[in-house]
Amino acid sequence: MADTQALDTLLEQATGARDSALDQHRRALSAADAARRQGEQLSDYRKEYVRRFGTQPGRAGSVELLQCYHGFMARLDDAVSQQVQLAAQAARRADDAKTALLAAELRVASVGKLIECRVAEAQARRERADQKASDEFASRAAWQRMAAVGADGLGFGAA
């Protein structure tokens, strides 16, 4: 199988690249999931904060307390919005990693198929060579038998 030695090396490299792409995809999925969960936590916290303190600043009548509440809510809204953007970016990175993984898997499969074809071609060449040698042997044996028959005087031209 010296014919496939270079392809075997290429297959090893492609497999290594695929494994690396798989690791990157897993990390990207994990990061996207973590970003999504953090966004959900922030959103849930905002809802809970509004539920608990949303009506109190207005009742208390303190302008300073109302300003603090609205300032905090604005910062919380910014944090939620920023986290949504981060989660979207992480999801895009996970999609890109998946695309890279699929390309790497395709390369591994292609090289594997190429190796199979080369092995099949080599086998077919060996079988043709064996058949040719067998045919030549049979042909020589037939000629030798005919020559032996002709030497005994029993050939076609003897009378």
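Values in this text are rule-based calculations from the coordinates and carry no lab data. This one's a predicted model, so the numbers in the text were calculated from it and none came from an experiment. We place every Cβ from the backbone using ideal geometry, glycine too, and count neighbours over all the protein chains shown.
Under 8 Å for C-alpha pairs, at least 6 residues apart: give me the relative contact order for the chain, rounded to a whole percent.
Over the chain, the number comes to 41 percent.
Straight distance only, please: which aspartates and glutamates reach the Cα of Lys113 with their own Cα at less than 18 Å, same-chain residues fewer than 8 apart left out?
Leaving aside aspartates and glutamates fewer than 8 places away in the same chain, those within reach of Lys113 are Asp3, Asp8, Glu12, Glu105, Glu121.
Please give the helix 63-151 orientation as an angle from the longest Cα principal axis of the chain, in degrees from 0 to 90, rounded to the nearest 10.
Its long axis makes an angle of about 0 degrees.
Report Rg/Rh for the chain, rounded to two decimals, where Rg is the Cα radius of gyration and Rh the Kirkwood radius.
1.68
Could you tally the net charge around Gln5, taking each other residue with its Cβ under 13 Å from the Cβ of Gln5, Lys/Arg +1 and Asp/Glu -1?
Around Gln5, the charge tally is -2.
For helix 5-53, report the angle its Cα long axis makes with the longest principal axis of the Cα atoms of the chain; keep it between 0 and 90° and round to the nearest 10°.
So the helix axis and the longest Cα principal axis differ by about 20 degrees.
Quick one: if the Förster radius is 35 Å, what FRET efficiency do Arg126 and Thr15 give, using the C-beta to C-beta distance and rounding to 0.05?
Working from the Cβ atoms, E equals 0.80.
Can you give the calculated 222 nm mean residue ellipticity of the chain, where each DSSP H run of n ≥ 4 adds -39,500 (n - 2.57) and the sum is split over every residue, rounded to the nearest 500 deg cm²/dmol?
-33500 deg cm²/dmol, from helical runs alone.
Could you work out the mean projected area of the convex hull around the alpha carbons of the range 65-159, in square nanometres to one decimal?
About 8.2 nm², averaged over all directions.
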